[in-house]
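> Starting off with a structure, shown below.
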Amino acid sequence: MATVTRELGSQLLYHMKLMRELEHRIENLYRQGKIVGGVFFGRGQEAISAGSAILTGPEDVVCPCHRDLAAFLIRGMPPWVVLAHYLGRKDGPTRGRDGNTHMGALPLGIISYISSMAAIVPVANGVAFSFQYRKQPNVVLCYFGDGATSRGEWHEALNFGAVFKLPIVYLCNNNQYAYSTPVSRQMAVEHITDRAQGYGIPCQRVDGNDVVAVHDATRKAIARARKGEGPTLLECETFRMTGHSAHDGAEYVPKELLEKWKKKDPILRFEKYLLEHKLLSRRDIDGLYAKVQTEVEAAVTRAEQSPYPDPGELLEGVYALAEKDH
Amino acid sequence: MPMLTYIEAIRQGIWEEMERDDRVFMLGEDIGAYGGAFKLSTGMQEHFGPNRIVDTPLAENAFVGAAIGAAMMGLRPIVEMQFADFISTCYDLIVNYAAKARYRWGAGVPIVIRGPSGGGVHGGPFHSNNPEIAFVHTPGLKVVVPATAYDAKGLIKAAIRDPDPVLYFEHKLLYRRIKEDVPAEDYVVPLGQARTARTGKDISIITYGAMVYTALEAAEKLAQEGDGVDVEVVDLRSLVPLDSEAVLASVRKTNRVILLHEDTRTAGFAGELAAQMASDAFDYLDAPVLRVTAPDCPVPYSPPLEEAFLPQAADVMAAVRRLMAY
Ligand SMILES: Cc1ncc(C[n+]2csc(CCOP(=O)(O)OP(=O)(O)O)c2C)c(N)n1
Ligand SMILES: [Mg+2]
């Protein structure tokens, strides 16, 4: 186990808490009708994107999915910009063209996923391929859920990544469900790692609610990738603590399971870890949470001030030329 | 000027672009030492090395996805589809990822997906398709359909330099049947500029790809058979962007028009052109707008069936006579 320093500990806790509180605000705004469409949350899964993305350097790239908000925040996307995006405003990274976490920012090393589950995996490979092509010592972190691993694109991409020994880490959040479908109806093998083995990719099951474990496993996987030893798959075992999206009551999830996983909440667990290891005091933690609250409130205010896009921009950016014409 | 076949012209265009710009590379199945199913890349891996002429596993999603990811990182990938028919296997990545990325979050995807399309070589239902229309109908993509060796070289160069995703549909019937003078030096045929393949004053045939030759054959026969009809043939070269001005100018001059393509009829490109005639050249038309296309069925294998499927010069001549008698 890597030793967590005070600095790393407070960063990890900060980003997990920021993700959770931001998503709470997003849910409120959705219930108030201010955010339209659908919203998806990574509640209870914050350790996965936070524990891994924190390890990326400026030239590395992340390809987060819909429960990985911490990866966006860690790469430097300001909370108010995230909110402006959800609110369909002009200052979001898609200028109102897309919603929830369907967003990216090339200067921040964030490549956008698309709604088709697993489509990001072959694309993330291409980013890794570009590093290999240019002999850059960089890596890609590519995120997806358990359901996505049933798709052909996922299988094609894992095989491709293995054949080319790409500098990439495949991070699966196995939250036991894909919408209403439990993992047992998703695949006949027990673990996602069983699938990766078929492609000759080293893999590991990780306690996805333990940010230290995620951090440690990702650190090793990144080191392998940087050395040119190829991809690793990490199956981060966790649980989806919300419905599939905010409209979904998830009556199909047994209450006992939710109760069981509630006790494993990654934020509370990490608080405990930090206190036990005397890395942060209760006061430090409370101070950090207060800071998160202030930031989230300021972000909401600023995002709500961002204007809606002008319908006159409707046709902009379909092609590069149209942008130049503008 | 050296005489080059259509396929040699494409190779030369790609070769020159790879010499000029080290961001350009090509990937696909069996394109390395083997030189590709049609031998388009013969000698290229030897010259450019396996990192730039990249053999991939048999997995269209994997390599199209990789091209998209690499393109967003600033490279200029060219993807070879071994047969254009198989592009349906990676439709999602093209229409949902590549086509929408710039519009959604400003990420340009400068890829070229190229490969042999079209019938006439007894390839049967899976090696003869003309899949262009699905991509014409997807905003964000460009679609190129070269007919001559000169254009094949100039258009592939334009496609490679284009900042947006370009589908470049070669016609496999033309690969070695067309041989003409092609300048050895660098030149580009800009996308979106139609070419008058034959100047005439009585009737316009608007077409593209291998059908340009069918139209020319019909025009010559009509001239020889003493019909006294002077046929103009417009070769579109690219369907997106479309040179509507050139098409309309021809129709306004001749006042009669036939829309000819090898693709099947219903919702084919002729339908779009007909709509443009109806709205923008109505006052100039002396006769109905006629389509000559393949019928609505898969491309059959057996020679008499395939011949019945493909539009023939005789079909075009009959249509011309019908319109001239109107
Ligand atoms: C190709 C495709 N089919 C269906 C959907 C609809 N859909 C959205 S998310 C989802 C479940 C995803 O499950 P999983 O991959 O386990 O991710 P999770 O939501 O559990 O994090 C489905 C079916 C989709 N987005 N893409
Ligand atoms: Mg899941």
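The values are calculated or read from the model by the stated rules, or taken from the named source; none is laboratory data. Predicted model only: the values in this text are computed from it and were never measured. Note that each Cβ is placed from the backbone with ideal geometry, even for glycine, and that neighbours are counted across all protein chains shown. What goes into the accessible areas is simple: the full protein's heavy atoms, side chains included, and nothing from ligands, DNA or RNA. Shrake-Rupley method; radii C 1.70, N 1.55, O 1.52, S 1.80 Å.
> Consider region A:132-168. How many of its residues are in a helix (DSSP H, G or I), within 13 Å of ligand 1 (Cβ to nearest atom) and open to solvent by 10 Å² or more (accessible area, probe 1.4 Å)?
Here the count works out to 3.
> Still on this structure: Restricting to region A:104-115, count the residues that are within 16 Å of ligand 1 (Cβ to nearest atom) and either β-branched (Val, Ile, Thr) or open to solvent by less than 10 Å² (accessible area, probe 1.4 Å) (or both).
3
> Kindly indicate the residue of region A:1-35 that is touching a Gly at 6+ places or on another chain (Cβ under 9 Å) and closer than 18 Å to A:Gly249 by Cα and also surrounded by the fewest Cβ atoms within 10 Å (Cβ to Cβ) among those meeting that condition.
A:Tyr30
> Which one of A:Arg89, A:Arg20, A:Arg95, A:Arg25 is modelled with pLDDT of 95 or more, more than 17 Å from the chain's Cα centre (by Cα), away from ligand 2 (no atom under 16 Å from the Cβ) and assigned to a helix (DSSP H, G or I)?
Exactly one of A:Arg89, A:Arg20, A:Arg95, A:Arg25 is modelled with pLDDT of 95 or more, more than 17 Å from the chain's Cα centre (by Cα), away from ligand 2 (no atom under 16 Å from the Cβ) and assigned to a helix (DSSP H, G or I), namely A:Arg25.
> Is it the case, given these coordinates, that B:Ile113 is at pLDDT 95 or above and in a strand (DSSP E or B)?
Criteria met by B:Ile113.
So that you can scan it fast, the table gives a plain yes or no per residue for (1) of a type in the set (Asp, Glu); (2) farther than 15 Å from A:Tyr133 by Cβ:
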| position | (1), (2) |
| --- | --- |
| B:Met3 | no, yes |
| B:Ile7 | no, yes |
| B:Glu19 | yes, yes |
| B:Gly36 | no, yes |
| B:Phe48 | no, no |
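> Find the residue count for region B:1-36, including only residues that are surrounded by fewer than 20 Cβ atoms within 10 Å (Cβ to Cβ) and within 19 Å of the chain's Cα centre (by Cα).
Qualifying residue count for the region: 1.
> Just need a number here: residues in region B:37-74 that are small (Gly, Ala, Ser), more than 12 Å from chain A (Cβ to nearest Cβ) and surrounded by fewer than 24 Cβ atoms within 10 Å (Cβ to Cβ).
Matching residues across region B:37-74 total 2.
> Here's another thing I want to ask about it. Name, by its number, the condition in (1) in contact with a Lys or Arg (Cβ under 7 Å, 6 or more places away or on another chain); (2) surrounded by fewer than 21 Cβ atoms within 10 Å (Cβ to Cβ) that does not hold for B:Glu80.
Result: B:Glu80 fails condition (2) only.
> Look through region A:169-183, keep the residues that are among the aliphatic types (A, V, I, L, M) and open to solvent by less than 10 Å² (accessible area, probe 1.4 Å), and return whichever of them is nearest to ligand 2 (Cβ to nearest atom).
A:Leu171
> Out of curiosity, is A:Thr56 assigned to a loop (DSSP other than H, G, I, E, B) and within 14 Å of chain B (Cβ to nearest Cβ)?
Here the answer is no, as A:Thr56 does not meet what is asked.
> Can you tell me how many residues in region A:53-92 are more than 15 Å from ligand 1 (Cβ to nearest atom) and under 30 Å from A:Gln132 (Cβ atoms)?
Going through region A:53-92 one residue at a time, the tally reaches 16.
> List the pairs whose first member sits in region B:272-287 and is free of Cβ contacts under 8 Å to residues at least 12 places away in the same chain, whose second member is surrounded by 12 or more Cβ atoms within 10 Å (Cβ to Cβ), and whose Cβ atoms are under 9 Å apart, counting only residues at least 6 apart or on separate chains?
B:Ala278/B:Leu285; B:Ala278/B:Val289; B:Asp283/B:Arg252
> Right, A:Ala118: within 23 Å of B:Thr56 (Cα to Cα), within 16 Å of ligand 2 (Cβ to nearest atom), more than 8 Å from chain B (Cβ to nearest Cβ) and surrounded by 24 or more Cβ atoms within 10 Å (Cβ to Cβ) or not?
For A:Ala118, the condition - within 23 Å of B:Thr56 (Cα to Cα), within 16 Å of ligand 2 (Cβ to nearest atom), more than 8 Å from chain B (Cβ to nearest Cβ) and surrounded by 24 or more Cβ atoms within 10 Å (Cβ to Cβ) - is met.
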